[in-house]
1. How large is log10 of I(q)/I(0) for the chain at q = 0.18 Å⁻¹ when the intensity is taken from the Debye formula with one equal scatterer per alpha-carbon?
2. Only helical DSSP H runs with n ≥ 4 go in: add -39500 (n - 2.57) per run for the chain, normalise by residue count and round the 222 nm mean residue ellipticity to 500 deg cm²/dmol.
3. Angle check, please: helix 14-41 long axis (alpha carbons) against the longest principal axis of the chain (alpha carbons), in degrees 0 to 90, nearest 10.
């Protein structure tokens, strides 16, 4: 039922050595791919040029706050 003492492997195999770096690389690739997919599927209008490209009238625009206003708020 219990194995007797034996001599274990002295070193790790090549696949064991590459396991963690390969998993980290694949996680990075999947993360970047998901980020690009999320951006591709996002239909948010980000600026005036995107609306002008659609050839529709612009009803209004909310300006970005100035830097001085942002500094005053803090």
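Each value in this text was obtained by applying a stated rule to the coordinates, not by laboratory testing. None of the values given here were measured: they were computed from a predicted structure.
1. -0.95
2. Numbers: 3 runs with 41 residues, N = 74.
Value at 222 nm, helices only, nearest 500: -18000 deg cm²/dmol.
3. Value to nearest ten degrees: 20.
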